Amino acid sequence: MTKDFNYFDTLLPQIIGSKTSAIAPSITPSAAFGYEDAFEAESIFEGKIQKPFYARMGNPTNAKLESVMAKIDGGFGAIATSSGMGAISMALTALLKSGDKVLCIGGFFGGTYALMNETLPRFSIESIFCEVDDFETMEKELKDGVGVVLCESVGNPNLKLPDLRKISSLCEKYNTIFIIDNTATPLVVAPLEIGADIAIYSTTKNISGHSASLGGIAVFSEVKKECKLFDQKYRHLRKIVDKAGKGAFIAVCKKRSLRDFGMSANAFGSFLTLLGLETLSLRMRKVLQSVEQIAASLDKELPKGFVRHPSLTSHEHHARYKESYPLGCGSLITLDFGDKQNAYRFLNSSELITQTANIGDNRTLALHMKSTIYRDFDEKSLKILGITDSLIRLSVGLENPSDIIDDILNAYSNSIK
């Protein structure tokens with residue numbers, strides 16, 4: 001990545017706030033917007049005048065969040081949505097048609113896996129799953145004409161690391177749209193710089209950090225002449241693409257999905273997200289340092305194989321972590337207790353951990369995976385996703401890492417029977 005945390009330390013507070021009048025981001029809590037006259041109304045709907053025409057398609061507060069996220073990722077633009085799942089659903093339903101296939105690489109968050117495995121098939125969109133290092137399957141499916149390739153920057157919760165640059169080069173070779181869910185690694189992984197066409201975030205997580213606002217966002221690359229969208233497999237989008245120019249991804253998502261499904265962000269949610277975003281670089285720096293310290297300490301003190309994180313030499317992608325993830329890979333560590341009851345006793349013995357179905361929070365969080373998010377998944381799906389009966393996902397927060405280590409060791413001693 002070409003930009004470091006020092007760059008973002010200065011950038012974020014400078015571009016989110018204002019230097020005159022009210023210095024905090026403003027909220028525009030209006031669902032509808034008045035037009036000066038009929039001619040202005042026509043020009044706004046035609047796109048000649050850049051003013052909001054209805055909040056489902058955009059709001060000034062949302063637009064501020066979109067501009068900041070586009071600046072962070074070096075994108076042409078962005079669309080804020082009601083949740084991270086809303087951002088993924090918007091991109092996929094806008095780009096794909098009945099009969100298309102999606103290549104899903106590596107482990108997925110439970111909601112994404114359910115979308116791909118259960119919901120999209122109801123609309124005759126097939127998902128093909130492959131491991132992060134199965135490049136033979138990737139190339140075969142790309143050659144056969146899959147419509148989209150989707151992966152997470154780091155598997156949640158299996159913590160496998162994809163070779164994003166290699167996957168990107170394969171997508172480039174076969175003119176296939178590449179989407180990276182970068183929720184776990186904002187500022188750390190630069191999806192569009194790597195070659196992805198769309199970066200997806202659940203802003204509920206690291207972006208805001210405070211669990212006060214549900215939201216998502218998709219950041220888009222600039223569409224250039226003869227880019228992937230002009231491939232024959234996307235001919236069903238050409239009418240929009242030909243008119244939209246550099247912002248074709250945004251136009252496709254707004255006209256084929258956001259307008260019709262309405263997964264729009266709300267102004268107050270975007271305002272709260274912007275407040276959290278001001279400190280993102282400071283929080284990410286702290287968390288990434290803490291994660292490595294906690295993983296190393298626990299791995300030293302606890303039985304072999306109990307702790308899983310790519311910073312440990314025991315992890316199958318440790319070399320990739322050192323080479324391609326020099327700043328870290330997010331807040332997650334997993335702990336496998338070997339027994340469900342041991343896992344439960346651990347969670348109930350901890351004094352610092354908050355048990356909740358979230359990650360990337362200012363607080364350290366944890367959850368037993370199989371009994372909660374993945375409780376309805378069949379055994380085949382659980383195996384694909386790396387979910388065992390005794391797995392706990394830990395999301396490291398801003399607390400003193402030494403305190404977290406001591407708390408985990410104490411809770412561990414009370415859990416193993």
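We did not get these values from a lab; they are worked out from the coordinates using the rules stated. Since this is a predicted model, take the numbers as computed values, not measurements. Ideal geometry is used to build each Cβ from the backbone, glycine not excepted, and the neighbour counts take in all protein chains shown.
Just a few scattered comments:
- For the chain, the alpha-carbon radius of gyration amounts to 0.99 times the rule-of-thumb value 2.2 N^0.38 Å expected for a compact globular protein.
- The distance separating the Cα centre of segment 171-206 from that of segment 86-157 comes to 14 Å.
- Sorting Leu272, Leu277, Leu142 by the number of Cβ atoms found within 10 Å of their own Cβ, with the fewest placed first, yields Leu142, Leu272, Leu277.
- The slack between Glu222 and Arg259, meaning 0.36 nm per residue of separation minus the straight C-alpha distance, is 11.2 nm.
- For segment 279-364: rounded, prolate or oblate by the Cα gyration tensor [a/c cutoff 1.5]: oblate
- Segment 244-288 shape via C-alpha gyration tensor axes, a/c threshold 1.5: prolate
- Taking 0.36 nm per residue of separation and subtracting the Cα-Cα distance, full extension of the segment from Ser402 to Thr354 would add 15.6 nm.
- Per-pair calculated FRET efficiency, R0 = 60 Å: Asp9 and Gln232 via Cβ, rounded to 0.05: 0.85
- Ellipticity at 222 nm from helices only: DSSP H runs of n ≥ 4 in the chain, each -39500 (n - 2.57), divided by the residue count, give -11000 deg cm²/dmol.
- Here the extension length gained between Glu126 and Ser67 equals 17.9 nm, from 0.36 nm per residue of separation less the Cα-Cα distance.
- Label-point separation, Lys304 to Glu139 (7 Å along Cα→Cβ), nm: 3.6
- Relative frequency of Cα-Cα separations exceeding 15 Å in segment 48-141, percent: 70
- Across Lys173/Lys246; Lys101/Lys304; Lys64/Lys243; Lys140/Lys224, pairs whose alpha-carbon gap is larger than 31 Å: Lys101/Lys304
- Each label point was placed 7 Å from the Cα along the Cα-to-Cβ direction; for Phe53 and Ala41 their separation is 1.1 nm.
- Cβ-based exposure ranking for Phe123, Phe337, Phe220, in which fewest neighbours within 10 Å come first: Phe123, Phe337, Phe220
- Within the shell of other residues whose beta carbon sits under 12 angstrom from the beta carbon of Val132, the net charge comes to -3, with Lys and Arg scored +1 and Asp and Glu -1.
- Ordering of 205-212, 316-323, 244-251, 401-408 by burial proxy (mean other Cβ atoms within 10 Å per residue, highest first): 205-212, 244-251, 401-408, 316-323
- FRET efficiency for Glu172 and Asn414, using Cβ-Cβ distance with R0 set to 41 Å, rounded to 0.05: 0.20
- Sorted fewest first by neighbouring Cβ atoms within 10 angstrom, Cys253, Cys130 come out as Cys130, Cys253.
- The translational diffusion coefficient of segment 320-406, from Stokes-Einstein at 10 °C and 1.306 mPa s with a Kirkwood hydrodynamic radius over alpha carbon pairs, comes to 113 µm²/s.
- For segment 355-417 versus segment 272-305, the gap between their alpha-carbon centres in whole angstrom: 14
- Report note on the peptides 189-198, 91-100, 20-29: ranked by the mean count of other C-beta atoms within 10 Å, highest first, their order is 189-198, 91-100, 20-29.
- Ranked by the mean number of other Cβ atoms within 10 Å per residue, highest first, peptides 383-393, 229-239, 9-19 order as 383-393, 229-239, 9-19.
- Each residue of segment 24-34 is assigned a 3J(HN,Hα), and the resulting list reads 7, x, 8, 9, 10, x, 10, 7, 10, 9, x Hz, derived from the Karplus form 6.51 cos²θ - 1.76 cosθ + 1.60 (θ = phi - 60°), x at Gly and Pro.
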